[in-house]
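The values are calculated or read from the model by the stated rules, or taken from the named source; none is laboratory data. Model, not experiment: these values are computed from the prediction. When we count neighbours, we look across all protein chains shown, and the Cβ atoms used for this are built from the backbone with ideal geometry, even at glycine. Side chains are part of the model used for accessible areas, which takes the heavy atoms of the whole protein and leaves out ligands, DNA and RNA. Shrake-Rupley method; radii C 1.70, N 1.55, O 1.52, S 1.80 Å.
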Amino acid sequence: MNQPASEPARCSVPEARARILADIAPITTIETVPVMQAPGRVLAEPVYSAVPIPPFDAAAMDGYALAHASLAPAGESIVMPIGQALAGHPFAGMVTAGTCVRIATGAPLPAGADTVVMVEATRSIAQGVAIATGQRQGQHCRRRGEILAAGAPALAPGVRLGPVEIGLAASLGVTQLHVRRRPRVAVLSTGDELGAPSEAGGIRDSNRPALTVAITRMGGELIDLGVVADRRDQLERALRAVAGQVDVIVSSGGASVGEADHVRAVLDQLGRVRFWQVAMKPGKPLAFGHIGDAVFFALPGNPVAAWISFLQFVRPAMSRLTGLESSGDGPAWSLPCTAALGKQVGRTEFVPGRLLARSDTWWVQPAGRDVASLVTLAGADCLIELDPSRGEVMPGEHVAVRRFSDLDLVPSLTG
Ligand code: AMP
Ligand code: MG
């Protein structure tokens, strides 16, 4: 029997999560990468604008640039066009009293002009351009440095770099970005049954492929340890080999208390188990601990339980590790549930669901509770989260729902 030295207490989902996060410090190593290789990475240092944005006074509308003093206090005014300014092609002369310059959005405001009148407020007439009354001085102009002063921070550390951040950095003339090192994550599956499906009890591995994609998408650098047999010595060897080289180890299966479940014993031997069982369903048998500098997550074997445990615990841990300045998942949505759901008081229960638009309201439809295959999750786009205090759910009752799209599993463009 696997008899661990200590028996960590059973704890709730929020407790487990808080304890995990308290144990994890963001990676501090900084790498410098070319801007176009930075998508998916987490910014480690602020990006400053070397130049004011915009770099010159510019028109914010298509129309006419003029001096506001040229306009009559009331009624229509007539001004004389003397040239044009296009984006990239400034007007070289001076806008004097009673004149105007045809101007395009993004073109530099000519000298002497302080106001842009949009083309819709003008009429071309024989004597020049008639300007409607009611134009404000300074309108439709963008002032040099109005968006960003030279030297001002444009991007704060802790953001994950997506298309917009890359576009902004590139627009500032930045060619390299300082980002945090990607977490190195080892993934393994345990189980003698994993391999080809057979009538003798063989099944294919679902967890490692799913975890591989999720971890890569979260910016992790994956070390695939493959399938490890239900043998204590093999598990020990696999973990010892990788322990000093990774930030995180994620295993699935073998974390229960059966004869073939060695993860807990090996974890106790090589490192330290921080807790053992979480009051949740699915996913009760979960261990978190340390082996050397690496944190260890022993997820349950059942694919749905493994995935839900990953979302609840490994995902926030990865966010913390990557240095993301995130404020957690935010509040859940509260939606009526289409069907009754059995629920035991005293533990958190998770049910995969599907969002359903009925007339003008969103509902959530439970997608099934079988944990043995990812089929249940494949059609789902959200997770119903039932608190420990909650009992059975009746059809039409509101439940807390988290959309998978709200969770931080953004695609890392660098892969
Ligand atoms: P265990 O946690 O090892 O007791 O496994 C619980 C159930 O999950 C068993 O039916 C296993 O066959 C199944 N299982 C464990 N690991 C995997 C995996 N990687 N992919 C698919 N099923 C698994
Ligand atoms: Mg097993």
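Observations
- Taken per residue, the accessible surface of the chain reaches 46 Å², heavy atoms only and a 1.4 Å probe.
- Shape summary of region 121-200, radius of gyration then Dmax from alpha carbon positions: 29.0, 95 Å.
- Kirkwood hydrodynamic radius of region 58-142, from inverse mean 1/r over distinct Cα pairs, in Å: 12.1
- Accessible area of TRP362 (1.4 Å probe, protein heavy atoms only, ligands and nucleic acids ignored): about 140 Å².
- For region 83-105 and region 126-166, distance of Cα centres in Å: 18
- All C-alpha pair distances within region 327-382, sorted into 10 Å bins from zero, spread as 20, 47, 30, 3 percent across the bins.
- Filtered trypsin sites (Lys or Arg not before Pro), region 175-222: DSSP coil and at most 16 other beta carbons within 10 Å: ARG204
- Among ARG41, ARG10, the sequence by solvent-accessible area, most first, with a 1.4 Å probe is ARG10, ARG41.
- Gain upon complete extension [LEU356, SER334; 0.36 nm per residue less C-alpha separation]: 6.6 nm
- Placing a label point 7 Å from the Cα of SER326 along the Cα-to-Cβ direction, the residues of region 156-179 with a backbone N closer than 17 Å are 157-163.
- Extension gain, ALA200 to ASP62: 0.36 nm times the residue separation minus the Cα-Cα distance gives 42.2 nm.
- Per the Cα gyration tensor, region 1-138 maps to an equivalent ellipsoid with semi-axes of 63, 19, 12 Å, ordered largest to smallest.
- Averaging the sequence gap over all C-alpha pairs within less than 8 Å and six or more residues apart, then dividing by the number of residues, gives the chain a relative contact order of 18 percent.
- Rounded percent of accessible protein surface that carbon and sulfur make up, the chain, 1.4 Å probe: 54
- ILE30/ARG10 FRET efficiency (R0 45 Å; Cβ-Cβ; nearest 0.05): 0.70
- Reported value for the chain: 202 Å³ per residue, from the convex hull of its C-alpha atoms.
- For THR216, the solvent-accessible surface computed with a 1.4 Å probe is close to 40 Å², ligands and nucleic acids excluded.
- Taking ARG142, ARG123, ARG347 as the candidate residues, the one with maximal mean-square fluctuation in a Gaussian network model of the chain, Cα springs under 10 Å, is ARG123.
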